[in-house]
1. Being outside any helix (DSSP H, G or I), of a type in the set (F, W, Y) and surrounded by fewer than 20 Cβ atoms within 10 Å (Cβ to Cβ), is that true of even one residue in the range 243-265?
2. Testing V204 on (1) assigned to a strand (DSSP E or B); (2) closer than 19 Å to T244 by Cβ, one condition comes back false. Which one is that?
3. Quick one: what pairs do we get from the range 3-18, first residue under 13 Å from L47 (Cα atoms) and at pLDDT 85 or above, second outside any loop (DSSP other than H, G, I, E, B) and among the aromatic types (F, W, Y), C-beta under 6 Å, 6+ apart or different chains?
4. Confirm whether L286 is outside any helix (DSSP H, G or I), of a type in the set (A, V, I, L, M) and not assigned by TED's automatic domain parsing to the domain that holds I181.
5. Would you confirm whether any residue within the range 116-131 is under 26 Å from R276 (Cβ atoms), part of a helix (DSSP H, G or I), hydrophobic (A, V, I, L, M, F, W, C) and without any contact (Cβ under 8 Å) to a residue 40 or more places away in the chain?
6. I need a count of the residues in the range 220-242 that are surrounded by fewer than 20 Cβ atoms within 10 Å (Cβ to Cβ) and on the phi > 0 side of the Ramachandran plot.
7. Does the range 281-288 contain at least one residue that is surrounded by fewer than 19 Cβ atoms within 10 Å (Cβ to Cβ), hydrophobic (A, V, I, L, M, F, W, C) and either touching a residue at least 60 places away in the same chain (Cβ under 8 Å) or closer than 30 Å to L137 by Cβ (or both)?
8. Can you tell me which residue is farthest from the chain's Cα centre (by Cα) among those in the range 132-148 that are in a loop (DSSP other than H, G, I, E, B) and of a type in the set (A, V, I, L, M, F, W, C)?
Amino acid sequence: MQIENFKIFSDLVETKSFSKAAKLNGITQSAVSQQARSMERQFKALLVDRSQKQFQLTREGERVYDTSKEILNHFEKLQCELLEMKKIISGTIRISTIYSIGLHELPPYIKQFLQTYPAVNCRVEYRRSNLVYEDILHNSVDFGLVAFPQKMRQVEIIPFREDQLVLITHPQHPLAKYDQIDMKQLTGHKFIGFDPDIPTRKAVDMILRDHRLEVETVMEFDNIETVKRAVEIDAGVAVVPQATILQEVAQGSLKSISFKGKDFTRPLAILHRKGRVLTPAMRRFLDSLTAERPTTLV
């Protein structure tokens, strides 16, 4: 039996999906099913309870899964130790991130990292926040980056940065003449918001509730770029992370306004699966993210 058998079976258990396990391993769904049956023949035991509608392991299947994870962890640790002995920093780092971090926060870090370690390949996927957690839990990626991180038993959370939240308007909007405003001045203005399930939207809603403000949300979007485009056509105002609008402010297509006496921030965090063995390249990448922000932008 090869190490790939244990990897495929572990992915199947963690995703609870033959199709997702197939995608993770670059094989067909049928091949995953065949691998599971092959392991059942090998161990002469039923591992997956196929009488249930939802994916469920038998008691023997749970034992095989636990041992599979131990074998995989030992194998990954051995690979890392051999790479360190050879002083090799290479491989692929898979990153799942929300749009605002991936487009505006992450690029200078990746650029600097790849200049230092050109043999490493970084793959970045842009996802909604809830899917970033799913990617981490399913071991689909090595690292995730999110805003307003949520504690989870299987996820390690490492602080990344703090974003300042600011109001943005069209340059000709009535509020654009101010550099700072009181929260109460937002009353009566149309709002462009993120979708209700996005953490930054929830934080903005909480700020408005804390100040007993009611606003009219006229549009909702799932990413920062569309929110900015809506404000640029003067469809409304929005509260967004300051780091995401530097280019538009410099070009004059948006006006950035801070809040008087208030410091609203958005915490960003790096995620990885607890207990995951990090390769030398992954450890160096994590070190680069937690170091001082690079001065070179892309």
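The values are calculated or read from the model by the stated rules, or taken from the named source; none is laboratory data. Predicted model only: the values in this text are computed from it and were never measured. Note: ideal-geometry Cβ built from the backbone for every residue, glycine included; neighbour counts use all protein chains shown.
1. So the first thing to find is which residues in the range 243-265 are outside any helix (DSSP H, G or I), and the list is 245, 252-265.
Pick out the ones that are also of a type in the set (F, W, Y) and you get 259, 264.
Restricting the remaining residues to those that are surrounded by fewer than 20 Cβ atoms within 10 Å (Cβ to Cβ) gives 264.
Yes, some residue in the range 243-265 is outside any helix (DSSP H, G or I), of a type in the set (F, W, Y) and surrounded by fewer than 20 Cβ atoms within 10 Å (Cβ to Cβ).
2. (1)
3. V13/Y65
4. Details: outside any helix (DSSP H, G or I): no; of a type in the set (A, V, I, L, M): yes; not assigned by TED's automatic domain parsing to the domain that holds I181: yes.
In short, no.
5. Residues of the range 116-131 under 26 Å from R276 (Cβ atoms): 116-131.
Subsequent filtering for residues that are part of a helix (DSSP H, G or I) retains 116, 129-131.
Remaining after also requiring hydrophobic (A, V, I, L, M, F, W, C): 131.
Filter again for without any contact (Cβ under 8 Å) to a residue 40 or more places away in the chain, leaving 131.
Within the range 116-131, one or more residues are under 26 Å from R276 (Cβ atoms), part of a helix (DSSP H, G or I), hydrophobic (A, V, I, L, M, F, W, C) and without any contact (Cβ under 8 Å) to a residue 40 or more places away in the chain.
6. 1
7. yes
8. The initial filter retains those residues of the range 132-148 that are in a loop (DSSP other than H, G, I, E, B), namely 138-142, 148.
Keeping just the survivors that are of a type in the set (A, V, I, L, M, F, W, C) gives 141, 148.
Values: V141: 9, F148: 11 Å.
Here the answer is F148.
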